[in-house]
Each structure stands twice: as C-alpha cells, then as structure tokens.
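Taking it in order: structure first as structure tokens, then the write-up.
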Amino acid sequence: MSDPVRPHTIFKPFVGAEENRPEFTFRAVLLGSLFGLIFGGVTVYVGLRAGLTVAASIPIAVISISMLRYKGKPSVLETIIVQTCGNAGQSIAAGVIFTLPALIFLGFDLEYFRIFILALIGGYLGVLFMVPLRKPLIVEEHGVLLYPEGTACADVIKAGASGGSTASRVFYGLGLGAVYALFQNSNMLRAWPGTPEYRPDFGDQHVMKGSSIKADATAEYLGVGYIIGPKTAGIMFAGGVFSWLVLMPLIYFFGKSLPNPIYPGTIPIAEMGPSDLWSTYIRPMGAGAVAAAGLITLLKTLPTIIGALKSGFKTIGVKMGEGEKPVRTEHDLSMGTAVMGAIALIVLMTIFLIFKPVPGAQVGIVANIGAAILVVLFGFLFVTVSSRVVGQIGSSANPISGMTIATLMATSAIFLVSGWTAPAFGALAITIGGVVCIASAEAGDTSQDLKTGYLLGATPIKQRWAFFIGITVSTIAIGGTLNMMNISYQSFHAAPHVWEINASHPGVKIQNDAKLPETFQLTAADNTTTQHSGSEYEVLNSIGSTELADGKYLYSPTSGRIEGQWIQGIGSEQVAAPQARLMATVISGILSQKLPWGLVLLGVFVVLVIELMGIRSLTFAVGSYLSISTTLAIFVGCVIRWLSDQAVAKAGGGSDDSETSPGSLFASGLIAAGGIVGLLGVVVTAIEQWQHVLVNPLNLHIPFIVNNSYVSVLMFALLAFALYYFARKPLKK
C-alpha cells in the first residue's frame with residue numbers, strides 16, 4: 001500500500017555535513033524579537049476588531065529570508081530561529097485577546113502589568129508543557145500528524161534558501177496596503193471615510209429601518225477574507241446579514257411603538273439607531289450563539305481530544321537510555337527542567353494573585369492556591385489536546401475558544417458550589433481561563449514551529465530559547481496595544497437617566513423613586529476618579545442592572561448625580577472582542593445568574609437550527625455577533641479569492657489553496673500593512689486622548705472626499721483589484 005502522506009511530509013532532517021551552519025545568532029534573535037513585537041501588536045489589533053487571527057509564521061519566514069540575505073546568504077536554521085521567535089508573539093496575542101478583555105465586561109480595568117505577567121506565565125507554560133510531547137507527537141508520529149502550517153513553512157524556507165520570489169509578493173502587499181491604510185479616515189492622513197455606510201429605509205412603513213449596510217474598508221480585512229476563503233468568510237457574512245438585515249429591522253418594526261425600554265435596553269426602541277440595536281439586543285443573542293456553537297464544536301472534537309490524551313499520556317514516560325547523548329537534532333530541554341520550570345511559574349502565579357489581585361477583586365489565599373492548581377490541571381490537559389489537534393487539522397481549526405469555555409464553566413461551577421459568587425471571583429475565573437487559553441494557543445503554534453524545525457534539522461533546545469525570548473518581547477507590545485485600543489475607541493455619552501445617589505455611599509442608595517440596581521451591581525470602581533470636560537468624576541460600575549446598561553458611569557460628587565456613561569473602547573462596535581465578551585457572559589451567567597436569558601436562548605436555538613442544516617455553526621455565530629462592517633469587508637476578500645481561483649483554473653493552472661500561493665502571500669502583506677498602520681493610528685489617537693491635543697498635523701480635510709463614502713468604496717475596489725491581479729500572477733522560479 002502506498003504512503004498516503006504527501007511527499008514533502010516525509011522529508012528527513014539535515015545531519016552530518018550541515019552541522020556547522022549558523023543557527024542561534026544575534027541577528028536572528030534580534031530580527032525575531034522585532035517580528036514578535038510587530039506581529040504581537042498586529043494580532044491584537046486585527047483580532048479584537050475581526051474576532052479571528054491569521055497565522056504569522058509564513059509571512060515572517062519569507063520576509064526574514066530577504067532581510068537576512070542583505071548580510072550574505074542566510075542559513076536555513078537561522079531563518080527558523082527568526083520565524084520561531086517572531087511567531088511566538090502572534091500566538092500569545094491570540095490567547096490574550098480571546099480572554100483577558102473580559103475583565104472590562106466584568107466591570108474591572110485592564111492593567112498593563114497584569115496582562116504582561118499572565119501572558120508571560122501562560123506562554124512559558126505552553127512551551128514547557130510541550131517538552132514531553134515533542135518526541136511522541138512531532139517525531140514518532142511523523143507522517144501521521146501532518147502539522148500543515150509547519151510543513152508549509154518548511155517548504156517556504158527551503159524555497160527561499162534556493163532563491164525564488166515569494167518574499168517579493170509579500171512586500172508588494174505590504175507596500176500597497178500601507179499606502180492605502182495611510183489615507184483612511186481612521187488612520188494617519190484621514191483623507192476618506194474608513195467605514196462607508198448605507199441605511200435602507202423604504203417608505204413610510206420603515207420596513208428596513210434599524211438596519212445598516214456598511215464596511216470597514218481596511219486592507220487587513222480584505223487580506224483576512226482572501227486567506228480564510230469563500231466557505232468560511234461566506235458563512236460568517238451570512239451571520240452578519242441575519243443580524244443586521246433581518247433581526248435588527250424586525251426588532252425596530254415590532255418595537256418602535258412601545259413607549260418604554262425593553263430590557264436590557266435603557267431607552268425606547270424607537271430612539272435607537274442600528275448601533276444601539278446591535279449593542280443592546282444582538283450582542284446578548286450573539287454571545288449565546290457563540291457559546292452554544294463553541295460547546296457543539298468541543299463535543300464534535302471530543303473523540304480527537306480523548307485520542308490526544310491517550311496518546312500523550314501513553315508516551316509521556318518514555319525516557320532515553322542511560323548515558324545516551326542525543327544528537328543535535330534531538331537535543332531538547334530535559335523533563336526535569338520542564339517540571340521545575342512549570343512549578344516555579346505556578347508558584348509565581350500564586351504569589352502574584354495573592355499580593356497583586358485585580359483592583360476591587362480581592363479573594364482569599366485558598367481561592368488563589370486553588371486557581372493555580374486549576375491552571376496546572378486544565379493547562380496540561382488542553383496543551384496536549386491543542387498540540388495533537390493542530391497536527392491533524394491545522395492551527396486555524398484549533399478549538400481553543402471551546403476549551404477555554406469548558407475551563408471557565410468548570411471553574412465557575414466550582415466557585416458556585418463553594419459559594420464564591422461575588423464579582424471578585426469572576427475576575428479570578430477569567431484569570432484562570434486566560435492563562436489556560438494562552439498556554440493552549442502557544443502550544444499549538446509551538447508544535448507547528450517544532451515541526452518546521454524537525455523537517456529542516458533545527459536544534460529543539462535552541463527553538464525553545466527562541467520561544468522564550470519571543471514570548472517575553474511580544475508581551476511588551478500586547479498589553480500596550482490592548483490599553484491603547486481601549487483608550488482610542490472610547491467615548492462618553494450623556495446618561496439616559498440622571499441618577500441621584502447618596503454622596504456618602506456612592507453607588508449604593510438611589511434617592512429618587514426609580515428602581516434600585518442591586519447593591520453589588522453598582523459599585524465604586526476601586527475609588528477611581530477621572531477627568532472629563534474639565535470636571536472630576538468618580539467612576540462607578542454597573543453589571544446586570546435592569547435600569548442601567550452594563551458599563552462604567554461618571555458620578556459627580558458636586559451634583560450628587562450620575563451624569564454620563566463612559567463607553568470603553570473594547571466592546572464597542574469597532575472593537576467588538578466577541579470571544580472575550582463570550583467568556584464574560586459564561587462567567588456572569590453561572591456566578592450571578594443575571595443575564596438577559598431570553599436573548600441568550602434565542603441565540604442558542606438559532607445555532608441549533610444552523611447546526612441541523614449542516615452549516616458550521618461557530619463561524620455563523622461569530623458572524624452574527626460581529627458588526628456587519630467587519631463581515632462585509634472580509635466577504636469582499638473571499639469574493640476576490642473565488643474570482644482569482646476561477647480565472648487561474650480557466651487558464652489551465654488550477655486553483656491553489658495553499659498558504660504559499662501568490663494571492664495568499666500578497667494578502668499576508670495586506671494584513672501586516674493594515675495592522676501596522678492601524679496601530680500607528682491607534683497610538684496617535686491615544687496620545688490625543690491623553691493630552692487633549694491634536695498631535696497629527698497630517699490630516700487631509702479635502703471637502704469633496706473627506707466625508708464621501710463613494711470615494712471610500714472606489715479606493716477599496718482598487719485595492720481589491722490589486723489583490724486579484726497579483727493573485728493571478730504566478731511567482732517567478
């Protein structure tokens with residue numbers, strides 16, 4: 001019987017004459033650290049807005065080959081160190097953005113130092129927990145577990161070492177994407193609108209009022225849509241159409257005549273615009289849909305998970321013979337080092353939780369020690385699962401959201417049984433889930449990179465050190481990017497009702513006749529104060545109230561009233577953070593048992609219908625939660641993918657679905673360019689927010705185009721045509 005594995009998957013590592021090639025060099029580590037910073041920040045930026053992440057290993061590999069070539073012909077092993085070090089930032093960022101922003105939705109603040117420490121601990125644990133799994137999964141099951149991204153990256157590095165033009169296609173995408181992104185209204189030059197919009201409203205009956213058709217016409221969304229392909233992007237867009245063009249008009253049509261707000265709304269439906277309808281009614285439904293779809297996905301992968309655990313634990317105790325010295329390509333961290341390192345990290349986490357709790361979320365020592373134990377149990381369990389799953393079906397299908405939901409449900413259930421239901425334990429639960437999610441995400445990408453190293457003859461222990469360096473450096477950018485996006489997209493709204501409260505006990509007693517939100521639901525946010533419009537306010541949190549929407553409110557000690565709502569950037573329409581919102585919903589649902597259950601259950605049953613139709617419900621659920629401005633822009637990218645594949649097939653070349661196709665490489669450049677320039681725009685906006693001054697003198701306020709949506713559509717169409725053109729143009733050999 002012939003071997004079903006593709007020929008490149010049985011490539012053997014280099015040995016012998018190749019032993020003296022440069023590998024763990026200073027320039028490789030420096031360049032890899034730079035990529036870790038860049039792609040860590042880019043992943044946070046794109047992931048918070050689009051709700052998904054795209055692997056960075058291949059674009060890092062092709063760019064690094066060209067950059068290393070300026071100082072002479074690069075070594076294959078040196079390129080692997082750059083790619084390994086740089087890719088660590090992307091995986092850490094994915095784990096962080098899926099979980100830790102939930103602290104905002106639970107009524108707490110994001111602290112840079114907390115994000116840094118938790119990301120560091122989770123990332124290191126992911127690498128250390130993979131030490132006993134490398135040999136059984138990467139080596140002994142070579143040819144069985146394909147690790148598609150790792151194998152594709154090995155192909156790219158081999159091709160780049162022998163010449164080829166793969167890097168040029170990425171650079172074309174970077175250049176055009178950067179020029180386009182610079183001119184968008186949300187970035188530096190702000191020449192034309194970033195989000196063209198059309199609101200249908202047919203006749204006096206307002207049949208479609210409440211709906212909106214708009215697109216965040218960004219380079220990164222176009223690239224993401226191309227890479228994930230028509231099937232995934234199409235299903236995601238279908239979810240957006242269902243929410244924005246079906247549910248929201250129906251909510252407005254049937255609710256516009258109601259004089260009073262409908263929970264969880266705080267103003268009448270007739271006064272709501274599309275964004276208000278989305279944030280008030282669609283988000284709870286979307287959270288229920290994503291939660292149900294995540295659990296269904298987890299159940300579907302249960303056989304794979306069980307198989308991964310059996311195989312992992314069966315081979316974990318295999319030891320090398322006494323006195324046997326490993327060859328270079330098998331030289332890895334020892335089990336003793338991995339165990340001691342993991343123990344040290346868990347002790348560090350326990351100490352950190354005890355002496356540096358989330359402000360306003362102090363819990364006992366017993367709970368903190370229990371949290372560390374749960375991190376070990378769930379962490380190693382899901383690291384094993386993650387490594388095997390990505391070996392079978394790739395990193396893009398790694399169900400880390402489902403595994404994190406399972407962690408949070410189990411943790412919250414334990415807290416509920418123990419009587420630990422105060423908001424502080426919600427913060428502790430998301431801390432546990434966050435570290436586990438980060439470890440699982442890092443383990444998945446670590447496995448892919450170790451596979452690349454195995455195929456090309458890298459030294460495992462040197463790859464481990466590259467992981468540690470990349471994780472450490474990238475966490476510097478991740479926490480900063482999260483906080484800057486939260487500040488840049490924040491806004492202040494006048495409170496829908498002016499609440500008069502007792503000045504001596506802010507947030508506890510309402511003095512007028514309105515319904516009182518329960519005491520624990522409106523609390524002082526760790527005695528925080530803030531300045532707005534020249535006045536000083538105390539910041540109050542509202543969670544689960546029937547009178548006030550969840551969020552932060554500004555209480556004026558002078559007037560004794562809540563005078564405004566402080567809308568956080570993360571969680572807004574532009575930065576939806578759907579996975580983090582889902583995690584907060586799971587925790588709140590179990591601990592406080594105060595959710596808009598009607599809307600949540602509607603989302604659950606929508607997912608059941610979609611699942612019965614044979615459609616991937618998780619993709620649809622994420623699309624239904626996100627703004628249509630995100631899903632429509634991504635859908636345009638997938639249409640370009642379909643058109644280019646059709647054109648290439650007609651020309652007799654056949655469609656190329658690989659991650660190293662001309663279009664995918666160009667799209668990777670678009671994603672990187674859009675993310676980098678977008679981050680520059682976030683930095684500028686954040687500085688303006690902090691200093692209350694205009695620091696960007698480059699704004700182009702050309703009257704004809706600055707507010708013209710047609711100009712935005714035209715420019716986005718030109719960028720899409722450039723993607724179509726380069727996708728059809730073959731790479732030079």
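The values are calculated or read from the model by the stated rules, or taken from the named source; none is laboratory data. Worth saying up front: this structure is predicted, and the values here are computed from it rather than measured. Neighbour counts run over all protein chains shown; Cβ positions are idealised from the backbone, glycine included.
Considering only residues that are under 12 Å from Thr431 (Cα atoms) and β-branched (Val, Ile, Thr), look in segment 400-411 and name the one that is surrounded by the fewest Cβ atoms within 10 Å (Cβ to Cβ). Among residues in segment 400-411 that are under 12 Å from Thr431 (Cα atoms) and β-branched (Val, Ile, Thr), the one surrounded by the fewest Cβ atoms within 10 Å (Cβ to Cβ) is Thr411.
A single member of Leu455, Leu450, Leu482 is within 30 Å of Lys552 (Cα to Cα) and touching a Pro at 6+ places or on another chain (Cβ under 9 Å), and it is Leu482. All of Val383, Val366, Val318 fail the test of being exposed (fewer than 12 other Cβ atoms within 10 Å of the Cβ) and at pLDDT 80 or above, apart from Val366. Is at least one residue of segment 107-114 assigned by TED's automatic domain parsing to the domain that holds Ala56, crowded, with 23+ Cβ neighbours inside 10 Å and within 25 Å of Val385 (Cα to Cα)? No; the residues of segment 107-114 include none that is assigned by TED's automatic domain parsing to the domain that holds Ala56, crowded, with 23+ Cβ neighbours inside 10 Å and within 25 Å of Val385 (Cα to Cα). All told, Leu601 meets the bar of being over 24 Å from the mean Cα position of the chain (by Cα) and touching a residue at least 12 places away in the same chain (Cβ under 8 Å).
On the given criteria, is Val600 surrounded by 15 or more Cβ atoms within 10 Å (Cβ to Cβ) and at pLDDT 80 or above? So Val600 passes the test. The residues of segment 339-363 that are over 28 Å from the mean Cα position of the chain (by Cα) and crowded, with 18+ Cβ neighbours inside 10 Å amount to a single one, Val363. Applying the criterion of being touching a helix residue (DSSP H, G or I) at 6+ places or on another chain (Cβ under 6 Å) and closer than 15 Å to Pro423 by Cβ to the residues of segment 351-361, the residue that is modelled with the lowest pLDDT is Ala361. Among the residues of segment 610-638, those that are out of contact with any helix residue (DSSP H, G or I) (no Cβ under 9 Å at 6 or more places or on another chain) and aliphatic (A, V, I, L, M) comprise Leu612, Met613. Exactly one residue out of Gly203, Gly163, Gly175, Gly143 is at pLDDT below 75, surrounded by fewer than 21 Cβ atoms within 10 Å (Cβ to Cβ) and outside the structural domain of Val385 (by TED's automatic domain parsing), and it is Gly203. Against the test of being touching a residue at least 12 places away in the same chain (Cβ under 8 Å), under 24 Å from Ile373 (Cα atoms) and out of contact with any strand residue (DSSP E or B) (no Cβ under 7 Å at 6 or more places or on another chain), the options Leu100, Leu146 yield a single qualifying residue, Leu100. If the condition is being under 13 Å from Ala93 (Cα atoms) and either among the hydrophobic types (A, V, I, L, M, F, W, C) or surrounded by fewer than 24 Cβ atoms within 10 Å (Cβ to Cβ) (or both), then segment 412-435 contributes only Val435.
The rows are residues; the columns are (1) out of contact with any strand residue (DSSP E or B) (no Cβ under 6 Å at 6 or more places or on another chain); (2) surrounded by fewer than 19 Cβ atoms within 10 Å (Cβ to Cβ); (3) in the same structural domain as Ala633 (by TED's automatic domain parsing); (4) modelled with pLDDT of 90 or more.
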{"position": "Gly210", "(1), (2), (3), (4)": "yes, no, yes, no"}
{"position": "Ala219", "(1), (2), (3), (4)": "yes, no, yes, no"}
{"position": "Ile227", "(1), (2), (3), (4)": "yes, no, yes, no"}
{"position": "Met248", "(1), (2), (3), (4)": "yes, no, yes, yes"}
{"position": "Phe253", "(1), (2), (3), (4)": "yes, yes, yes, no"}
